[in-house]
Amino acid sequence: MRVIVNISLKEGVLDPQGQAIQNSLSNLGFNNCNNVRTGKQIILDFQIDDKEQIITETKKMCESLLVNTVIENYDIQLEKET
Amino acid sequence: MRVIVNISLKEGVLDPQGQAIQNSLSNLGFNNCNNVRTGKQIILDFQIDDKEQIITETKKMCESLLVNTVIENYDIQLEKET
Amino acid sequence: MKVLKKKLYEDNKYEYMVQQESNLETAIEMGLTQEEFNFICKKIKKTPNKTELGIFSAMFSEHCSYKSSKKWLKTLPTQAPHVIQGPGENAGVIDIGDNLAAVFKIESHNHPSFIEPYQGSATGVGGILRDVFTMGARPIALLNAIRFGSPSKPLTKHLLSGVVKGIGGYGNCIGIPTVGGETNFDKSYDGNILVNAMAVGIANKDKIFYSAATGANNPVIYVGAKTGRDGIHGATMASAEFTESSSEKRPTVQVGDPFTGKLLLEACLELMNTDAVLSIQDMGAAGLTSSSVEMASKGSLGMFLDLDLVPTREEQMTSYEIMLSESQERMLMILKPGSEEKAKQIFDKWDLDFAVIGKVTETGRLILTKNGSEACNIPISPLVENAPEYDRPYEIIKNEKFIDLNKNIVNQTINEILVQMFRNPNLASKKWIWEQYDCSVMGDTILSSGQSDAAIVRIHGSDKDDSLGKGLAITTDCTPRYVKANPIEGGMQAVCEAARNIASSGAKPLAITNNLNFGNPEKKEIMGEIVGSIKGISSAAAFLNTPIVSGNVSLYNETNGNGILPTPVIGMVGIIENIENSLEINAKEGNTLLVLGQSEDFIEGWIGSSIYQEIIHDEFDGAPPPINLQNEKAIIDILLNLNEQKLLSAAHDISDGGLLPNVCEMLFRNNLGLDLNLPKKLVNKSNKDILLHSWCFGEDQGRIIVATNELNKVKSILEKQEIKFFVLGTVNSSSNLNIKSVTTISINDIKYIYENSLSSIMS
Amino acid sequence: MRSGVAIFPGSNCDRDIIVALKKVTKKIPLKLWHKDKEFPNLDLIVIPGGFSFGDYLRCGALAARSPIIENIKNHVSRGGALLGICNGFQILIEAGILPGSLIRNKNLLFTCRETTLEIQKTIKSPFTEGFELGCHLKIPVAHNEGNYFAPKSLLDQLSSEGRIAFKYIEEKDVNSDIDYNPNGSCDDIAGILSKNGRVLGMMPHPERAINSLHGGTDGLKFLTKCIENIVG
Ligand SMILES: Nc1ncnc2c1ncn2[C@@H]1O[C@H](COP(=O)(O)OP(=O)(O)O)[C@@H](O)[C@H]1O
Ligand SMILES: [Mg+2]
């Protein structure tokens, strides 16, 4: 079973990368986009199938390692195996 | 209107960061996860509302800047404004 | 306040609300005391609104006002003919000849780095760099003095790895080499790490920029990055003790943007090359508040700012937020009227915000408007000149216990102790750290981490066809366990070790910047540590003619009432006229090693508060090694003298761990060996004899090991000058350090431990 | 010999390479700004190291979309020589001038240290022809993302076309755990050439080894030979 953790910067936290990307986009002529933020994804493949267990474990992983909860938010998404 | 671009490494491209995360996870006792890959998200806020135009533009952005198509895949997700 | 804060993001009427009057309760929540609040009301003849109170609270915080330490800082020696600018400006400035000046300062980012190690340390580096280039100097080197808790704790690893990544992340990206530093571990830092960053720059002596505002009606300019809601009230956070609930303060971390930092650096230096800038100040702690107040106060003028003109990153920011935001990479400048357009072009070229946001006034007041109405109107002088200054009670506690060798039973051999020492990350190589720092960008690094006792950076362009050029030598030093045992001796020791390190690299010590890291000054024994250290630093700095030209104080480094070891870090800068004479620590085959400052009669080494003691007894105790300033000065002078005559090929001062580990360090690089001479009285002692151990591991001060190929010449000079010395032996290619009839130490084996201990802890 | 150095916001080794080129050519190279749409014909353009655009998005990605890149491509198609060092190499890859990709170092740490390079057998190129096959150069690296990655087919192609300029190589006498390959790059690749041999991308910094007092002089030797052969 595959789980995707989406990690984004908390509202109000500066995202210099997003700003630099937005500048480049507008230099390339893309002017319809007025805000760019960046985030991370971590894709985890579990060997077990118990959804509840997977979610509980992923949460623990996020809090203890994957996410810098000082400046980042996260959400967990379950994906069907393809 | 908000668009999320999910960028992931192509199958077969080495992901040292994913590997390191997996090692750390298993050192922390999380052993149910047998594969970790990392990806990026780019969140774009558009000032326009025409969905089709947004998607066409986002595709262009991806091909010309946001994605290194040699090693990365991407998908585009439209989000309702909140 | 909490309820209001929550509303802040939802309710755009907040601006109106913050202009409401405050009361004592709000003042206390902002970190002010009742007396301070009453004082403010009296001085400004009204009850401040919340913006005004926020400005007072920031300016009165320990971080900005130095209220606990000011009385004592004034006693530091700050004068010398070579001092151009002492403490009080963004950085200290000294004359280094050829119409050039060295500009340098050290600063702490302890609390933010504990909360978010990467961003906390990165913004620390960014901040200290701005302090230096604000003065018109191009930064040429960075150093870092960092301290962590027990190395075995997972939290320590997390913090260390984050801090090192953050320091490297900023310094590497902005392209200024990180050339040295120091790293210590002690359980007292478990809940309170120290991250002190030092930057050194070079400016033309007649193009130094200062912060004092000049000329009523001159335009006030905001440049750099946009203002966001980051780090609001960071200065008060830096002045508060940590408690369990301080995690609530987390969203206040600032994010560093070294890319914008680089653009700002280049743009400012480019602008400073014109005649447009009258005064300039970076926005550091307490952002726009401290920069505007300090500029106005130093010029005895007032300032008017229209906060609607401040470039902001987020919507509906209130005057309170704009004034107290600690967003990074911003500067405030006063320009010559009429030069705005020229200046703007430069900032446009570098894609940076540029805005005229107000003007200098003669009112002596800080007046702010927001949405067309007045948001703040207060006199400036009480913010600075009348900021509280405490004469806190203190008690200097000295551990005067003499550690009696005869009562020490040893059951370990010299080899075993050496192995434990080099396994200890305090003594092990810090290569794992410094390899993450770009040490050679800018092309002028001559010697950096691990190569010599002080880093040497060439003064750019000083190399001409006929000369390889001159350089600055830079080091940071402090031995907190000595300071704990005796603050005065410990303070002196830090200065002396720094000076010895500078001299051991072949350079002449010139001046000091210092970072005083302590616990809660409201406790009289901690205040005693502060006062004692300052006394020690003062006497040594005065004696060695290395005045203090800048510095920083970080107090309340406590978690749940447990203070850190007192840590007054000394950053020292010296000069070497010919970089060809720089000295590494690595000895070469055929060199003779001798210790300056130690005689044949010396056999009983100082064990009190030594690393040896920690290994044998698992704790530190006893008086620290005493400092004799005359001796220190004498060996520094003689070393420089010998080096000028090109008689030396390496040097290394004896510090942590004592003589033997420091001899080993000189042999590591080239895998060399030595037959070590012992004083006659020690010959035939056993491998476990306490006297022999104390000779090998005692931490007596005032000693430097030098390597020479001209033993006879050196000897005769030393004898003539009546300098004590002891010949240790001649370096050979055997890779064995042999102590005759006692033991043989394999340099390769020990080196392996030395080089890999830290990386194996970290992986 | 007319050389130019292309400077992007965030470049930070521009001054260093200018000093080095001046030392070799006795002339001050032309500074080119990332927005420059025109500049005179040059014999050599160097894209220096640094963190162009903060390394944001991907190293070199934003710089590779700058206006100057078109001109640099024209310079290359005219047969001009082009050298990308470190971030410059990353930019050349992002701009599609050189193939493959540069990903995070294997140890995930920024790494600054000396490396030893071995000159490979290559097609005719001004960047290698001054050296005997297999000769060693000591040149430092300092980067976060220097791990050259390419599919097997591309690696084979590069090798058969003689486009691998140098590889990291182990020194004999070292006694430590440290890997001679500082970043984990495929086949220990440290630098690659374009098809015509006139473009070189390399991670190590030759401009940091031009002084006997620090870094040694192998970088100076390298740059001197390159310049001799570019002028021809
Ligand atoms: N955090 C650090 N960053 C860079 N270099 C460091 C750091 N910590 C230690 N070093 C380097 O390691 C070497 C040894 O440091 P230290 O043991 O403090 O030396 P000494 O005892 O001679 O003062 C020095 O060259 C120093 O610059
Ligand atoms: Mg030291």
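Read-outs: derived from the displayed coordinates by stated rules, not from any lab. Every value quoted in this text rests on a predicted model; they were computed, and no experiment measured them. Note that each Cβ is placed from the backbone with ideal geometry, even for glycine, and that neighbours are counted across all protein chains shown.
Observations on the model:
- Residue check, residue C:618 at positive phi and either out of contact with any Phe, Trp or Tyr (no Cβ under 7 Å at 6 or more places or on another chain) or not aliphatic (A, V, I, L, M) (or both): yes
- Among residues of the range C:638-657 that are over 29 Å from residue C:615 (Cα atoms), those with a Cβ under 8 angstrom from a residue that is hydroxyl-bearing (Ser, Thr, Tyr) and within 13 Å of ligand 1 (Cβ to nearest atom), sequence gap 6+ or separate chain, pair up as C:639/C:504.
- Residue in the range C:118-138 that is assigned to a strand (DSSP E or B), surrounded by fewer than 24 Cβ atoms within 10 Å (Cβ to Cβ) and among the basic types (Lys, Arg) present: yes
- Condition check for residue D:71: of a type in the set (S, T, N, Q), more than 13 Å from every other protein chain (Cβ to nearest Cβ) and within 29 Å of residue D:228 (Cβ to Cβ): yes
- Among (1) within 16 Å of ligand 1 (Cβ to nearest atom); (2) in a helix (DSSP H, G or I), the one test that residue C:543 misses: (1)
- Residues being in contact (Cβ under 8 Å) with a residue 40 or more places away in the chain and not in a helix (DSSP H, G or I) - total across the range D:143-160: 8
- Qualifying residue in the range C:302-314 (condition: under 31 Å from the mean Cα position of the chain (by Cα) and touching a residue at least 60 places away in the same chain (Cβ under 8 Å)): no
- Neighbours by Cβ (under 6 Å, 6+ apart or cross-chain): first from the range C:493-510, within 14 Å of chain D (Cβ to nearest Cβ) and over 9 Å from residue C:632 (Cβ atoms); second within 15 Å of ligand 2 (Cβ to nearest atom) and assigned to a strand (DSSP E or B): C:505/C:473
- The listed residue being more than 11 Å from chain D (Cβ to nearest Cβ) and within 16 Å of ligand 2 (Cβ to nearest atom), out of C:465, C:453: C:453
- For the range C:605-721, the strands (runs of 3 or more DSSP E) that sit wholly inside it and include 1 or more residues that are more than 24 Å from residue C:741 (Cα to Cα) and within 16 Å of ligand 2 (Cβ to nearest atom) are C:648-653, C:704-708.
Every residue, every condition in (1) touching a residue at least 24 places away in the same chain (Cβ under 8 Å); (2) under 11 Å from the mean Cα position of the chain (by Cα); (3) loosely packed, with under 15 Cβ neighbours inside 10 Å; (4) facing chain B (nearest Cβ under 9 Å), yes or no:
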| site | (1), (2), (3), (4) |
| --- | --- |
| A:12 | no, no, no, no |
| A:20 | no, no, no, no |
| A:34 | no, no, yes, yes |
| A:65 | no, no, no, yes |
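- Residues in the range D:176-232 that are without any contact (Cβ under 8 Å) to a residue 24 or more places away in the chain and in a helix (DSSP H, G or I): 1 in all.
- Residue list for the range C:153-181, filter: surrounded by fewer than 24 Cβ atoms within 10 Å (Cβ to Cβ) and either free of Cβ contacts under 8 Å to residues at least 40 places away in the same chain or within 16 Å of ligand 2 (Cβ to nearest atom) (or both): C:153, C:154, C:155, C:156
- Exactly one residue among C:604, C:632 is closer than 30 Å to residue C:708 by Cα and surrounded by 24 or more Cβ atoms within 10 Å (Cβ to Cβ), and that residue is C:632.
- 2 or more residues crowded, with 19+ Cβ neighbours inside 10 Å: qualifying helices (runs of 4 or more DSSP H) within the range C:327-444: C:340-349, C:414-423, C:431-434
- Annotation note: of C:208, C:174, C:221, the sole residue that is on the phi < 0 side of the Ramachandran plot and either within 16 Å of ligand 1 (Cβ to nearest atom) or within 11 Å of another protein chain (Cβ to nearest Cβ) (or both) is C:174.
- Some residue of the range D:191-210 being touching a strand residue (DSSP E or B) at 6+ places or on another chain (Cβ under 8 Å), within 14 Å of another protein chain (Cβ to nearest Cβ), acidic (Asp, Glu) and surrounded by fewer than 24 Cβ atoms within 10 Å (Cβ to Cβ): no
- Residue selected from the range C:437-468 under the condition under 18 Å from residue C:640 (Cα atoms) and of a type outside the set (A, V, I, L, M), by the criterion nearest to ligand 1 (Cβ to nearest atom): C:453
- Taken together, the residues in the range C:491-540 that are touching a Cys at 6+ places or on another chain (Cβ under 8 Å) and away from ligand 1 (no atom under 15 Å from the Cβ) amount to 1.
- The set of residues in the range A:38-55 being free of Cβ contacts under 8 Å to residues at least 24 places away in the same chain and either within 11 Å of chain B (Cβ to nearest Cβ) or assigned to a loop (DSSP other than H, G, I, E, B) (or both) consists of A:47, A:50, A:53.
- Filter pass, residue C:506 being over 13 Å from residue C:546 (Cβ atoms) and within 16 Å of ligand 2 (Cβ to nearest atom): no
For every residue, the table says whether it meets (1) farther than 28 Å from residue C:762 by Cα; (2) within 14 Å of another protein chain (Cβ to nearest Cβ); (3) of a type in the set (Gly, Ala, Ser).
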site	(1), (2), (3)
C:83	yes, no, no
C:98	yes, no, no
C:102	yes, no, yes
C:109	no, no, no
C:116	no, yes, no
C:135	yes, no, no
